[in-house]
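Structure first, commentary second.
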Amino acid sequence: MDSINRMAIELVDEALDFADELGIESRELDSGATELDFGIDADGGIEAGLLLAEIQTAGLATIQTRMDEVAGAPMPHVELATDHPDVALLCSQKAGWELEFGDFDGLGSGPARALVGEESEFERVGYYDEFDLTVLAVESIDHPTDEVAAHVAELAGVEETAVFLPTYATGSVAGSVSIAARAAELAVFRLFELGYDPLDVRSVSGSAPVAPVSYDEGVAMGRTNDALAYGGQVYLHVAEEFDRFDEVPSTATDEYGTPFEEIFESVGWDFYDLPESVFAPAQVTIDVANGPTHVLGETNEELLADSFGLR
């Protein structure tokens, strides 16, 4: 496969070319790294959020919106489909890079992770990237600093001027849209955690509602995760049967039925103090090639209505 950082850079170029139309802003850090603000100070909308999700998956997924309902209320949903779930989702889209420097706190996702390749999924998938430019999407309420850019450049093995950092707050339109695009990734990663070979996941489609934006980052974190855990739906076409498919949806967790704002409060808002099993879609259909089709879990529109503040 071609370099996923190269493919993501092409999408970054598109974002820079149409920054005004997308409602995003770019700035060059003192180090020469480039930040693309999709939703901290910038007003990026749904199209910006879709492009952000494409960058996070390095262009290896088809991502679009559709209109659907939550508890009878018309709301946009994001749909993602890919025939490359191992690389697009596990090796790129997954938010697996913790960024903590002084007052800066953020979470990184995107193809820069494949230049580092230290997470266990890279070894199992067998994909490691090589390229002289890199992209790391940063979820934070603050703009990334030169210290962040230097850290990314060092681990990725590139010059600081070669680092591109699409950034967004969870509490933004682009944040809500790009996070809703993660339903499929959560299902594939959950299977990987359970011991299923990610190379046996042939194709995946997922959808989730776009959570209403809150500028209170705690509320935004709760709503966007509720959108996935209680409204996310995923279809997976896989090669082999597995005796733990029933553990994939969020309904299999002890925390099911609890709003995520309460879940985060219980651990002091530290993601890494939570079992990774809580991050799962509500409902999955797992179609085994030449075998059975498992339908597991269920959505919870009552909880979503409360979380989203629907009146």
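FYI, it's all coordinate maths here, none of it is from the lab. Bear in mind that the values here come from a model prediction, so they are computed numbers and not experimental data. FYI the Cβ positions are ideal-geometry reconstructions off the backbone, even for glycines, and counts take in every protein chain you see.
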Taking θ as phi - 60°, what are the ³J(HN,Hα) couplings along segment 120-126 by the Karplus curve (6.51, -1.76, 1.60), each to the nearest whole Hz, with x for Gly and Pro? 4, 5, 5, 4, 6, 6, x
Taking every alpha carbon pair in segment 201-302, what does the distance histogram look like in 10 angstrom bins from 0, in percent? 15, 43, 29, 11, 1
Output the peptides 255-262, 199-206, 131-138 sorted from most to least packed, where packing is the average of other Cβ atoms within 10 Å over each peptide's residues. 131-138, 199-206, 255-262
Which listed residue (T170, P259, V238) has the Cα farthest towards the positive end of the charge dipole for the chain, taking +1 on Lys and Arg C-beta and -1 on Asp and Glu C-beta about the Cα centre? V238
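Divide by every residue of the chain the summed helix terms, -39500 (n - 2.57) for each DSSP H run of at least 4, and state the resulting mean residue ellipticity at 222 nm, rounded to the nearest 500 deg cm²/dmol.
It comes out at -9000 deg cm²/dmol, rounded to the nearest 500.
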At S26 and R244, where each label point lies 7 Å from the Cα along Cα→Cβ, what is the point-to-point distance in nanometres? 4.4 nm
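Using only C-alpha atoms and all pairs of different ones, pull out the Kirkwood radius for segment 1-126 in Å with one decimal. The partial results should precede the final answer.
Details: mean 1/r = 0.0626 Å⁻¹.
So the Kirkwood estimate lands at 16.0 Å.
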Take the Cα of R202, step 7 Å along the line toward its Cβ, and report every residue of segment 286-307 whose backbone nitrogen sits under 20 Å from that point. 286-296
Putting +1 on Lys and Arg Cβ atoms and -1 on Asp and Glu Cβ atoms, find which of A112, A48, A282 reaches farthest to the positive end of the dipole of the chain. A282
Could you calculate the contour length gain from A81 to T285, that is, 0.36 nm times the residue separation minus the distance between their Cα atoms, to one decimal place in nm? 72.0 nm
Work out, step by step, the length gained on full extension between M1 and D105: first 0.36 nm times the residue separation, then minus their alpha carbon distance; give nm to one decimal. 34.2 nm
For log10 I(q)/I(0) by the Debye sum over Cα atoms at q = 0.07 Å⁻¹, the listed values are [x] -0.27; [y] -0.24; [z] -0.37; which was obtained by calculation from the structure presented? [y]
In order through segment 175-186: 3J(HN,Hα) via Karplus (6.51 cos²θ - 1.76 cosθ + 1.60), integer Hz, x for Gly, Pro: x, 4, 5, 5, 6, 4, 7, 9, 4, 5, 4, 4
Using the Cα centre of segment 4-308 as origin and beta-carbon charges of +1 (Lys, Arg) and -1 (Asp, Glu), tell me which of A19, Y127, A156 is placed farthest towards the positive end of the dipole. Y127
